[in-house]
Every structure is written in structure tokens, then in C-alpha cells.
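Structure first, commentary second.
The values are calculated or read from the model by the stated rules, or taken from the named source; none is laboratory data. Just so it is clear, the model here is predicted, and its values are computed rather than measured. Cβ coordinates were reconstructed from backbone atoms using ideal geometry, including for glycine residues, and neighbour counts include every protein chain displayed. We work out accessible area using only protein heavy atoms, side chains counted, and drop any ligands, DNA or RNA first. Shrake-Rupley method; radii C 1.70, N 1.55, O 1.52, S 1.80 Å.
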Amino acid sequence: MNILLTGGAGFIGSHTCVELCEAGHHPIIVDNYVNSCEESILRVEKITGRKIPHYQADVSDAQAMDRIFFENEIDCVVHFAGLKAVGESVEQPLRYYRNNLDTTLTLCEVMKKHGVRKIVFSSSATVYGNQPVVPYREDMPSVGCTNPYGWTKFMIEKILEGVQHANPEWSVVLLRYFNPIGAHESGLIGEDPAGIPNNLMPFIAKVAVGELKKLSVFGNDYPTPDGTGVRDYIHVVDLAKGHVKACDYAMEHPGCEIINLGTGHGYSVLDIVNTFQRVNHVEIPYEIAPRRPGDIAENYADPTKALKLLGWQAEKNLEDMCRDTYRFQTRNPKGYRG
Ligand code: UDP
């Protein structure tokens with residue numbers, strides 16, 4: 001299959017590109033490199049030994065997208081492109097709504113024009129909101145998001161559901177990711193956030209190589225086993241394989257499905273710190289800091305639907321995630337731009 005990856009140069013997109021190649025598909029990338037760079041695609045080419053057609057364009061640029069669909073027989077789209085920093089979205093809500101919604105609307109219009117009816121969307125567990133019970137199941141109604149980034153994911157799910165409802169021949173798969181971490185085991189591609197990372201694992205990785213002094217653990221008084229926040233961390237390569245399965249599923253099944261991609265296991269912040277130190281033989285200095293506003297105590301996925309519908313489940317463990325993250329960080333201390 002020819003599969004267009006919007007935002008395919010990013011962290012999850014680049015790993016998905018590798019797994020699609022391994023499965024015999026033909027990925028094509030469109031990315032504006034606002035939060036990524038072409039180097040990641042060149043690294044994917046190195047890993048796979050394949051040339052990856054790629055375009056530098058904004059997904060909200062209808063003319064550019066029209067040309068890409070005209071030049072390529074696209075069977076399916078995986079839509080990753082979007083701004084993704086929670087804190088930034090609180091400061092710049094209009095930019096987030098404009099960018100994330102515009103790109104999706106333009107993409108759907110261009111897909112419709114070219115008769116492409118299969119789309120897999122990069123959604124997030126953030127759309128569940130702060131649920132009173134774990135694990136999170138796809139049929140739980142959202143209790144509302146806590147920031148504009150989350151609301152854009154929520155709204156895009158609604159847009160795609162509506163498009164599918166009006167066009168029953170479409171296949172829409174909404175993948176709700178939990179906490180993707182890790183890197184490809186080659187050490188060639190991984191997460192390369194701009195500036196000081198907001199997320200836990202990229203922050204730890206920078207502390208590990210001495211670029212940042214110490215980790216602040218946001219709260220140790222949550223109702224969890226060690227008092228620190230619990231999340232469902234998933235290896236990005238497992239996540240990428242989930243996308244391959246989702247594309248296969250979309251080809252066969254018209255309709256709209258929400259599917260969690262998580263492991264079903266929760267780990268605390270201190271579990272992550274301790275495992276990272278142990279497997280990598282490196283010290284992670286940390287201090288306990290106040291809770292971060294908007295954070296919840298605990299979430300993890302019920303991953304049974306992914307197994308039932310896609311035949312997918314996560315295979316890598318926390319040690320793999322910590323080892324692979326550190327390998328990418330030590331080999332690329334300045335990220336792709338180094
Ligand atoms: N966290 C932390 N220090 C950091 C970043 C995150 O203690 O510098 C904690 C955070 O409070 C949460 C967990 O790590 O309990 C995961 O946070 P992240 O931002 O990676 O993901 P999210 O909160 O979106 O699930």
C-alpha cells in the first residue's frame with residue numbers, strides 16, 4: 001500500500017515509517033519541519049535501505065496537498081501532523097486550534113477530492129480527561145480535556161467521526177496513545193524535542209547525559225503506591241507496529257473505531273527513574289517538587305480492543321524503553337541537529 005504520513009518526520013511518524021517499510025508498504029511523507037527535520041527521514045532511509053518520497057509542505061496548504069495526492073496513488077493516510085506541547089497550547093490556544101484543526105479539515109477535503117477514504121489518526125489518551133477509574137476503555141465518555149492541545153485531539157476525533165458518518169464507505173481509525181517513549185534499537189532515530197522537554201522521559205534522557213542538572217518529580221503525595229504519578233508508557237516501536245495493523249484494518253473495514261494503544265501496565269515516575277538508572281548504569285539526580293497543575297494521579301489503558309480488532313499488543317518492556325532511549329540520547333546528544 002502507498003501510505004501518506006502527515007508529520008512523518010516526527011518522533012512517532014519516523015518510527016511508523018520504518019515499520020511500514022518492514023511490512024512491505026510504501027510510505028510517503030509530508031511535513032513542514034516545524035518541530036522536526038529532514039534528517040530523521042534520511043536516518044529512516046539508512047535503517048530501511050529504501051528511498052522515502054518526502055515533501056516539505058504544510059498540510060493546511062490545499063494546493064500543495066493536492067499536488068501530493070495527484071503525484072502519488074495514495075491508499076491510506078496516517079495523520080500525525082500537529083502541534084503537541086501541552087503548556088504551549090495553554091499560552092497559544094488560537095495557534096493550536098488554527099493549526100491542528102485547519103490541517104485536518106484541509107486533509108479531509110483533499111482526500112475526498114481524490115477518492116482516498118482510509119485514515120488513521122494520531123489521537124491521545126488525553127481526550128479521556130481525568131477519569132475516576134482505571135483502566136481507560138474506549139467506550140468511556142470523555143469527562144473533558146484540561147488544555148487546548150487535548151481539545152484539538154478531541155475535536156479532530158469528532159470531525160473524523162462526522163466525516164465517516166456522512167460517508168459510510170470511509171474507514172477512520174482513531175488511535176489513542178498513552179505515553180510513547182523509547183527509540184529505534186539502531187540508535188539512529190528517536191525523540192528530539194526542541195528546547196527543555198516537558199515530558200518525563202526526554203527530560204530524564206537529558207539529565208542522563210548531563211545536559212540538564214536534575215529532574216523535578218512533580219508530586220509524591222498522589223494516591224499511588226509510591227506517591228508519584230502513574231502512566232502507561234509504551235515503546236514507540238510497539239506503537240509504530242500498531243499503526244501498521246491499523247492501516248491493514250482500515251483497508252478491510254469501513255466504519256469508525258477508537259482504539260487504545262497502551263500496554264495496560266502503569267509505572268510511576270520513580271519506577272521510570274529507578275529502571276533507567278539500573279539498566280543504563282547512570283545516575284539521575286532528582287528532587288521532589290510540587291504537583292504540576294492539571295496532572296492526574298494515574299492512568300493506564302485497557303488494551304484488549306487493540307488485540308481483538310488489530311491482533312496487536314505491546315511486546316517491549318520498560319527496560320527496553322529505558323535502554324533504547326539512552327542509546328539514542330548518547331549517540332545524538334544534540335539530537336538530529338548535532
Ligand atoms: N513528570 C515529572 N517531571 C517532569 C515531567 C513529568 O515528574 O519533568 C511526571 C508527570 O507529573 C507525570 C509523568 O511524569 O506523572 C508523565 O508526565 P508526561 O508529561 O511525560 O506525560 P503526561 O502527563 O502527559 O501523561
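Got a sec? Which of Gly255, Gly210, Gly162 is surrounded by fewer than 23 Cβ atoms within 10 Å (Cβ to Cβ), more than 16 Å from the ligand (Cβ to nearest atom), within 20 Å of Asn100 (Cα to Cα) and not charged (D, E, K, R)?
Details: Gly255 fails: within 20 Å of Asn100 (Cα to Cα); Gly210 fails: within 20 Å of Asn100 (Cα to Cα).
Residue meeting the stated conditions: Gly162.
Listed here are the residues, each with its yes/no results for (1) near the ligand (Cβ under 9 Å from one of its atoms); (2) in contact with a strand residue (DSSP E or B) (Cβ under 6 Å, 6 or more places away or on another chain); (3) hydrophobic (A, V, I, L, M, F, W, C).
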| site | (1), (2), (3) |
| --- | --- |
| Lys206 | no, no, no |
| Lys214 | no, yes, no |
| Val230 | yes, yes, yes |
| Ala250 | no, yes, yes |
| His265 | no, no, no |
| Asp271 | no, no, no |
Report summary line: Counting only residues in segment 69-84 that are among the charged types (D, E, K, R) and surrounded by fewer than 15 Cβ atoms within 10 Å (Cβ to Cβ), the one farthest from the chain's Cα centre (by Cα) is identified as Glu71
Query raised in the report: What single numbered condition from (1) β-branched (Val, Ile, Thr); (2) surrounded by fewer than 24 Cβ atoms within 10 Å (Cβ to Cβ); (3) free of Cβ contacts under 8 Å to residues at least 40 places away in the same chain fails to hold for Ile47?
Result: (3)
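Select the helices (runs of 4 or more DSSP H) contained entirely in segment 21-131, then report the ones holding at least 3 residues which are touching a helix residue (DSSP H, G or I) at 6+ places or on another chain (Cβ under 7 Å) and closer than 24 Å to Leu160 by Cβ.
Working: elements: 38-48, 62-71, 86-91, 93-113.
It comes to 62-71, 93-113.
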Requested in this report: For Leu310, state whether it is under 20 Å from Pro202 (Cα atoms) and in contact with a Phe, Trp or Tyr (Cβ under 7 Å, 6 or more places away or on another chain).
Outcome: no
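Only one of these is of a type in the set (Asp, Glu), open to solvent by 20 Å² or more (accessible area, probe 1.4 Å), under 22 Å from the mean Cα position of the chain (by Cα) and more than 10 Å from the ligand (Cβ to nearest atom): Glu315, Glu298. Name it. I'd like the intermediate steps shown before the answer.
Details: Glu298 fails: more than 10 Å from the ligand (Cβ to nearest atom).
On inspection, the qualifying residue turns out to be Glu315.
Can you tell me which residue within segment 229-248, out of those that are touching a helix residue (DSSP H, G or I) at 6+ places or on another chain (Cβ under 7 Å) and open to solvent by 30 Å² or more (accessible area, probe 1.4 Å), is farthest from Leu310 (Cα to Cα)?
Going residue by residue through segment 229-248, those that are touching a helix residue (DSSP H, G or I) at 6+ places or on another chain (Cβ under 7 Å) are 229, 233, 235-237, 239-246.
With the extra rule that they be open to solvent by 30 Å² or more (accessible area, probe 1.4 Å), the set shrinks to 241, 245.
Values: Lys241: 10, Lys245: 6 Å.
Across segment 229-248, the extreme among qualifying residues is Lys241.
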Query raised in the report: Looking at segment 135-156, is at least one residue aliphatic (A, V, I, L, M), within 13 Å of the ligand (Cβ to nearest atom) and modelled with pLDDT of 95 or more?
Result: no
**Report entry** Residues (at negative phi, surrounded by 17 or more Cβ atoms within 10 Å (Cβ to Cβ) and part of a loop (DSSP other than H, G, I, E, B)) located in segment 179-189
**Finding:** Ala183, His184, Leu188, Ile189
Query raised in the report: Between residues in segment 289-313 that are over 25 Å from Gly229 (Cβ atoms) and residues that are of a type in the set (Phe, Trp, Tyr) and within 16 Å of the ligand (Cβ to nearest atom), which pairs lie under 7 Å by C-beta distance while being six or more apart or on different chains?
Result: none
Query - Complete set of residues in segment 284-338 that are part of a strand (DSSP E or B) and aromatic (Phe, Trp, Tyr) - result: Tyr286
Query raised in the report: Within the bounds of segment 46-66, is there any residue that is in contact with a Phe, Trp or Tyr (Cβ under 7 Å, 6 or more places away or on another chain), among the charged types (D, E, K, R) and under 22 Å from Tyr336 (Cα atoms)?
Result: no
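Residues checked against (1) in contact (Cβ under 8 Å) with a residue 24 or more places away in the chain; (2) open to solvent by less than 50 Å² (accessible area, probe 1.4 Å); (3) within 16 Å of the ligand (Cβ to nearest atom); (4) closer than 22 Å to Glu252 by Cα:
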{"residue": "Arg67", "(1), (2), (3), (4)": "no, no, no, no"}
{"residue": "Val86", "(1), (2), (3), (4)": "yes, no, yes, no"}
{"residue": "Val90", "(1), (2), (3), (4)": "yes, no, yes, no"}
{"residue": "Leu101", "(1), (2), (3), (4)": "yes, yes, no, no"}
{"residue": "Thr104", "(1), (2), (3), (4)": "yes, yes, no, no"}
{"residue": "Leu107", "(1), (2), (3), (4)": "yes, yes, no, yes"}
{"residue": "Met111", "(1), (2), (3), (4)": "yes, yes, no, yes"}
{"residue": "Arg117", "(1), (2), (3), (4)": "yes, no, no, yes"}
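Look at Ala246 and say whether it is touching a Lys or Arg at 6+ places or on another chain (Cβ under 6 Å), away from the ligand (no atom under 15 Å from the Cβ), in contact (Cβ under 8 Å) with a residue 40 or more places away in the chain and more than 18 Å from Asp320 (Cβ to Cβ). It would help to see each step written out before you state the result.
On the way: touching a Lys or Arg at 6+ places or on another chain (Cβ under 6 Å): no; away from the ligand (no atom under 15 Å from the Cβ): yes; in contact (Cβ under 8 Å) with a residue 40 or more places away in the chain: yes; more than 18 Å from Asp320 (Cβ to Cβ): yes.
No; evaluated as a whole, the condition is false for this residue.
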